[in-house]
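The structure appears below as structure tokens.
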Amino acid sequence: MQQASTMKSPPGTTMVAALVHVLVAFSAASSAAAAATAGEQPLSKIGIHRTTFEIHPGASVDVSPLLLGLQGQDQEWVTIGYSNPRPSKDDWIGVFSPANFSDSICPAENQWVAPPLLCTAPIKFQYANYTSTDYVKTGQGSLRLQLINQRSDFSFALFSGGLSNPKLIARSDSTTFVNPKAPVYPRLAQGKSWNEMTVTWTSGYSTKEATAFVEWGVQGQIQILSPAVTLTFSRNTMCGPPARTVGWRDPGFIHTGFFKDLWPNLKYTYRIGHRLFNGQIVWGHQYSFKASPYPGEDSLQRVVIFGDLGKAEIDGSNEYNDFERGSINTTYQLVKDLKNIDMVMHIGDICYANGYLSQWDQFTAQVEPIASTVPYMVASGNHERDWPGSGSFYGNIDSGGECGVPAQNMFYVPAENREQFWYSTDYGMFRFCVANTELDWRPGTEQYKFIEHCFSSVDRQKQPWLIFLAHRVLGYSSATFYGEEGTTEEPMGRESLQSLWQKYRVDIAMYGHVHGYERTCPVYENVCVTKASDKYSGVFTATTHVVVGGGGASLAEYTAGPRARWSHAQDLDYGFAKLTAFNHSTLLMEYKRSRDGSVHDSFTISRDYRDILACGVDNCPSTTMAS
């Protein structure tokens with residue numbers, strides 16, 4: 001998220017249908033006027049610790065159906081009916097999981113203050129008059145909400161008093177999925193070698209009751225079984241509130257299986273599963289993926305890149321339509337075009353849980369149609385990592401007390417140390433160097449050494465397309481929140497790294513954090529080395545910087561007045577970038593708007609190997625007069 005710098009049906013079909021239904025409703029064009037602010041986590045508006053019990057005998061909440069997932073679905077819609085003899089426009093419905101939310105024992109904040117009656121935030125909420133416009137007159141209303149399988153049962157509660165001073169009026173019976181512990185929401189990722197893929201998923205099964213595994217193999221051939229590792233994390237690993245307090249929800253168990261020695265470009269099928277100690281096997285759905293090409297392979301290769309997607313509720317709950325309204329459109333466009341996408345790079349600010357851990361499950365469900373089919377690679381952003389005194393480079397509270405723990409566990413990255421979260425990954429003709437802007441990157445640091453090694457170790461004859469990815473803008477941006485600080489980047493960003501970009505001839509550097517799109521000319525030390533164009537050819541001159549942080553979070557603003565000479569294209573809309581390597585000599589970068597998938601900006605690079613080797617500004621190797 002933007003801020004000034006300070007130190008089932010068949011898998012995915014339910015999501016696709018729902019996204020189609022709501023696509024127009026979340027059009028960026030209809031909401032541009034409200035886009036100036038970054039928004040806040042909607043669940044943080046609820047003063048759940050101030051709740052009082054005012055159960056009214058005439059009030060009621062009912063839900064149907066009570067049993068979900070009878071056909072194996074991981075997501076289902078429920079209908080909630082409710083009544084209140086004393087209705088108000090501030091009444092709201094909260095969805096709680098586990099269902100016995102009022103039975104938890106809440107610790108007192110100190111010896112002079114009584115412990116709160118409720119200390120667990122709902123997983124979603126909606127106002128009672130959202131679809132029942134006459135609720136205030138009749139006291140009767142209903143809602144349709146979508147639930148996902150999250151390892152526990154659910155109940156629904158009617159509150160008066162608004163969000164800041166909730167009064168519990170009535171609660172429903174519980175509803176649950178047939179198997180709340182079922183393995184769900186697989187997300188693929190590149191392994192540590194080009195011929196390895198990983199799959200991570202979530203379940204309710206610990207190693208004390210089941211063994212996690214993956215059944216996989218070349219499509220149509222004999223399938224093999226591979227064990228999966230199982231991890232989890234506890235409330236004590238959170239750094240502060242709300243993650244450690246009202247936002248905490250048990251994450252269940254997170255499993256990762258490894259597909260090794262893959263044949264390049266072959267299609268594989270897989271199923272995640274758990275063998276219970278009584279011999280029973282609990283299966284997830286069946287999925288498929290295409291193995292990665294080998295480094296240097298000359299074939300069509302397509303990678304989508306964006307930042308700051310966030311999660312969105314297709315049922316309109318949590319008011320995410322006013323916070324991350326573009327997220328649904330971006331997700332829909334990727335699902336729609338999935339057959340033309342080989343890999344996704346989500347460069348930070350993943351789901352904006354901000355310490356409300358239930359939202360991580362919601363996000364993995366949202367991207368499941370994508371992440372279960374192509375590698376979904378992530379980077380760390382301020383809303384994953386930053387917390388005072390936790391070792392983050394920035395001392396703000398953007399992670400809501402998570403300090404990186406959920407992100408490091410929920411998504412696999414091929415890092416030597418997942419806590420550091422920087423890594424490289426190869427995909428055919430691409431080398432991606434992924435930095436972690438929430439840890440120090442300056443010269444002399446461990447991360448700086450990683451970045452230089454990532455650049456220097458690639459064979460550009462085989463992998464000509466060298467891409468640098470990071471969350472915060474370490475290059476160039478016209479965002480107002482940078483301008484207000486008298487800068488166009490993160491402090492010490494390009495000053496620390498531009499010599500590396502130039503020396504190693506990095507083709508494109510891409511960032512999130514600023515919620516919008518901007519492209520520079522090939523620029524070095526604030527100067528356009530080459531005039532901006534939609535077509536570049538010949539010798540490398542300088543790196544082109546692209547901000548593509550308009551995945552879904554509230555849009556940024558750009559500084560008014562004359563545009564900097566290095567700023568070539570801007571778009572205050574939601575969108576994503578797509579890189580297409582046609583061969584070793586031609587690369588296409590397209591920026592597509594999320595509302596309709598149209599290409600709003602693009603450029604091509606045409607370059608032979610000798611053009612990469614050629615001498616340019618500040619990247620000429622030493623020579624000798626000897627013959």
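Table: residues versus (1) touching a helix residue (DSSP H, G or I) at 6+ places or on another chain (Cβ under 8 Å); (2) charged (D, E, K, R).
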position: Gly326; (1), (2): yes, no
position: Ile341; (1), (2): yes, no
position: Tyr376; (1), (2): yes, no
position: Asp386; (1), (2): no, yes
position: Gly389; (1), (2): no, no
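Which pairs do you get when a residue that is buried (at least 21 other Cβ atoms within 10 Å of the Cβ), found in segment 204-220, comes within reach of a residue that is among the β-branched types (Val, Ile, Thr), reach meaning Cβ atoms under 6 angstrom, with the pair 6+ apart or on two chains?
Listed by first residue and then by second, the contacts come to Ala212/Thr230; Val214/Ile272.
Does Leu474 satisfy being outside any loop (DSSP other than H, G, I, E, B) and not charged (D, E, K, R)? Steps first, answer last, please.
On the way: outside any loop (DSSP other than H, G, I, E, B): no; not charged (D, E, K, R): yes.
In short, no.
Being polar (S, T, N, Q) and part of a loop (DSSP other than H, G, I, E, B) narrows it down to one of Asn329, Asn354, Asn318, so name that one.
Values: Asn329 fails: part of a loop (DSSP other than H, G, I, E, B); Asn318 fails: part of a loop (DSSP other than H, G, I, E, B).
Selected residue: Asn354, the only one of Asn329, Asn354, Asn318 that is polar (S, T, N, Q) and part of a loop (DSSP other than H, G, I, E, B).
Among the residues of segment 431-481, write down those that are polar (S, T, N, Q) and under 20 Å from Ile605 (Cα atoms).
The answer is Gln461, Gln463.
Quick one: count up the residues across segment 59-99 that are more than 32 Å from the chain's Cα centre (by Cα) and polar (S, T, N, Q). Quick ask: steps written out before the conclusion?
Within segment 59-99, the subset more than 32 Å from the chain's Cα centre (by Cα) is 59-62, 81-89.
So of that shortlist, the ones also polar (S, T, N, Q) come out as 60, 83-84, 88.
Of the residues in that region, 4 qualify.
Scan segment 334-352 residue by residue and report those that are touching an Asp or Glu at 6+ places or on another chain (Cβ under 7 Å) and either β-branched (Val, Ile, Thr) or closer than 20 Å to Thr245 by Cβ (or both).
The answer is Ile350, Tyr352.
Does segment 288-312 hold any residues that are surrounded by 24 or more Cβ atoms within 10 Å (Cβ to Cβ) and part of a loop (DSSP other than H, G, I, E, B), and which are they?
Scanning segment 288-312 gives Ser292, Gly307, Asp308, Leu309, Gly310, Lys311, Ala312.
How do the strands (runs of 3 or more DSSP E) wholly within segment 498-614 filter down when requiring 3 or more residues that are of a type in the set (Ser, Thr, Tyr) and either assigned by TED's automatic domain parsing to the domain that holds Met343 or under 26 Å from the mean Cα position of the chain (by Cα) (or both): which remain?
Working: elements: 508-511, 517-524, 535-537, 543-548, 567-571, 575-581, 586-593, 599-606.
Because the criterion is at least 3 residues that are of a type in the set (Ser, Thr, Tyr) and either assigned by TED's automatic domain parsing to the domain that holds Met343 or under 26 Å from the mean Cα position of the chain (by Cα) (or both), the strands (runs of 3 or more DSSP E) in segment 498-614 that meet it are 517-524, 599-606.
Tell me whether segment 470-488 contains one or more residues that are of a type in the set (Asp, Glu), at pLDDT 95 or above, farther than 23 Å from Gly310 by Cβ and surrounded by fewer than 24 Cβ atoms within 10 Å (Cβ to Cβ).
The answer is no; no qualifying residue exists.
Can you find, within segment 181-204, the residue that is farthest from Trp283 (Cα to Cα) among those that are over 20 Å from the mean Cα position of the chain (by Cα) and among the charged types (D, E, K, R)?
The selected residue is Lys192.
The values are calculated or read from the model by the stated rules, or taken from the named source; none is laboratory data. Computed from a predicted model, the values in this text were never measured in an experiment. Glycine also receives a Cβ, built like all others from the backbone with ideal geometry; neighbour counts cover every protein chain displayed.
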